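First the structure, in the form of structure tokens, and then the observations on it.
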Amino acid sequence: MMINLIAIFGIVILALIYRAIIPAPPKICGSPNGPLITAPRVKLSDGRYLAYKENGVPRNEAKHKFVFIHGFDCVRHDVALLTTISPELMQSLGIYIVSIDRPGYGESDPHPKRTPKTLALDIEELVDQLDLGPKFYVIGFSMGGQAVWGLLKYIPHRLAGAILLTPVTNYWWGSFPANLTKQAYYEQLVQDQWTLRIAHYFPWLTYWWNTQKLFPSSSVATFSEDILFEQDTVLMPIFDSYQSQYRDLVRQQGDYESIHRDIMIGFGTWEFDPMELENPFPNGEGSVHIWQGDEDGHVPVILQRFIAKKLPWIHYHEMKGGGHMFPWAEGMGDKVVKTFLLGEPFVM
């Protein structure tokens, strides 16, 4: 009898552990009981669907065609800079921007095997299906900025230029000096240190860590204001008000294949080191720019400075007093675009 009781107790404990660490299946858009499909989508070669939204001038009239990659916990509607680019500038420069839902977000199918490479190839397929031409520009914000490194690695021949807006850095990229990453890492909140440590070393515990109630988990995923510096305390409410129109759309297929997958990829073990990339535009036919604020509580500026020094072909723009949400500052879109496309000096 005692052996049976111990066995039953053990089974119950294992069942509870399994339930805690294994996420529920995602709610695929268009599936029975899944969210409705409202966005235009392209079908990719592996059968998945990628949702998108077109902005700016009509694509057949565009002089400059951009793909925009959104950040963490966002969707295709969250086009950083779009709200701060004047319609007159968009029209005069013939700017077209197609923004996507990254896999697992919004109405794009999840991709459990997603990597920086697969996202780059997804975007290449989208560009080809929309007939945007042999080359295009790319803009990425935050986690989407980090994703741009994948395009620079795997499809540099398709790029006309790239803008990385406060791109997230991975503390485990090999070129970073250990003392520098240690300094940057321990400047983060303790709860975020644990979130990143688990995502890197124990990714199978990511779901549990971000859903358990015993300890505080990711400050970003839980909308904590503890990581906001002065500019972000002003701009974050502007962004929140803008995103409130479609907040429910962001994680509608489930947290695991959206924000949790992002954390695991962003801070996991990469198959390449961005700081070992070669200049994709050796003849000056294009350019790559990074914009970074020095008061960004999400992305350590000291790591961004190191990347800029390692890659001298990067045009690096550091903004004094700039936070993570600087693209939503009034007039910022015009300034970035004029610097990138017209070569005008960037003035904060």
Hey, does segment 55-62 have a residue that's in a loop (DSSP other than H, G, I, E, B), within 17 Å of the chain's Cα centre (by Cα) and at pLDDT 95 or above?
-> no
Take Lys182 and decide whether it is surrounded by 19 or more Cβ atoms within 10 Å (Cβ to Cβ), of a type in the set (Lys, Arg) and assigned to a helix (DSSP H, G or I).
-> no
Given the conditions (1) open to solvent by 10 Å² or more (accessible area, probe 1.4 Å); (2) touching a residue at least 40 places away in the same chain (Cβ under 8 Å), report the number of the one that Pro134 does not fulfil.
-> (2)
Inspect all residues belonging to segment 155-163 and state whether any of them is open to solvent by 30 Å² or more (accessible area, probe 1.4 Å) and either modelled with pLDDT under 95 or not hydroxyl-bearing (Ser, Thr, Tyr) (or both).
-> yes
For the subset of segment 290-333 comprising residues that are under 19 Å from Ala147 (Cα atoms), of a type in the set (D, E, K, R) and in contact with a helix residue (DSSP H, G or I) (Cβ under 9 Å, 6 or more places away or on another chain), which member is modelled with the lowest pLDDT?
-> Asp296
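Considering only segment 47-61, state which residues are out of contact with any helix residue (DSSP H, G or I) (no Cβ under 9 Å at 6 or more places or on another chain) and either open to solvent by 10 Å² or more (accessible area, probe 1.4 Å) or of a type in the set (Asp, Glu) (or both).
Result: Gly47, Tyr49, Lys53, Glu54, Pro58, Arg59, Asn60, Glu61.
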Report, by residue number, each residue of segment 261-283 that is in a loop (DSSP other than H, G, I, E, B) and either within 17 Å of the chain's Cα centre (by Cα) or in contact (Cβ under 8 Å) with a residue 60 or more places away in the chain (or both).
-> Phe267, Gly268, Thr269, Trp270, Glu271, Phe272, Asp273, Leu277, Pro280, Phe281
If you take the residues of segment 223-257 that are free of Cβ contacts under 8 Å to residues at least 24 places away in the same chain, assigned to a loop (DSSP other than H, G, I, E, B) and within 30 Å of Ile37 (Cα to Cα), which of them is least open to solvent (accessible area, probe 1.4 Å)?
-> Ser244
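Please enumerate the residues belonging to segment 284-298 that are over 20 Å from the mean Cα position of the chain (by Cα) and either among the basic types (Lys, Arg) or crowded, with 18+ Cβ neighbours inside 10 Å (or both).
Applying the first criterion (over 20 Å from the mean Cα position of the chain (by Cα)) to segment 284-298 yields 284-287.
Once the filter is applied, which keeps residues that are over 20 Å from the mean Cα position of the chain (by Cα) and either among the basic types (Lys, Arg) or crowded, with 18+ Cβ neighbours inside 10 Å (or both), segment 284-298 yields only Ser287.
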Which members of segment 258-274 meet the condition of being open to solvent by less than 10 Å² (accessible area, probe 1.4 Å) and either in contact with an Asp or Glu (Cβ under 7 Å, 6 or more places away or on another chain) or over 16 Å from Trp194 (Cα atoms) (or both)?
-> Ser258, Ile259, Pro274
For Phe66, state whether it is touching a helix residue (DSSP H, G or I) at 6+ places or on another chain (Cβ under 7 Å) and crowded, with 18+ Cβ neighbours inside 10 Å.
-> no
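Please enumerate the residues belonging to segment 65-87 that are more than 21 Å from Pro116 (Cα to Cα) and in contact with a Gly (Cβ under 6 Å, 6 or more places away or on another chain).
Here is the first cut: in segment 65-87, the residues more than 21 Å from Pro116 (Cα to Cα) are 65, 77, 81-87.
Those that are more than 21 Å from Pro116 (Cα to Cα) and in contact with a Gly (Cβ under 6 Å, 6 or more places away or on another chain): Leu81, Thr84, Ile85.
Would you be able to tell me the number of residues in segment 201-222 that are in a loop (DSSP other than H, G, I, E, B) and without any contact (Cβ under 8 Å) to a residue 12 or more places away in the chain?
Residues of segment 201-222 in a loop (DSSP other than H, G, I, E, B): 202, 212-222.
Imposing the further condition that a residue be without any contact (Cβ under 8 Å) to a residue 12 or more places away in the chain reduces the set to 202, 213-214, 222.
Looking only at that region, the number is 4.
The values are calculated or read from the model by the stated rules, or taken from the named source; none is laboratory data. Just so we're clear, the structure is a prediction, and the values are computed from it rather than from any experiment. In this analysis, Cβ positions are derived from the backbone assuming ideal geometry, glycine residues included, and neighbour counts consider all displayed protein chains. With ligands, DNA and RNA removed, areas are computed over all heavy atoms of the protein, side chains included. Shrake-Rupley method; radii C 1.70, N 1.55, O 1.52, S 1.80 Å.
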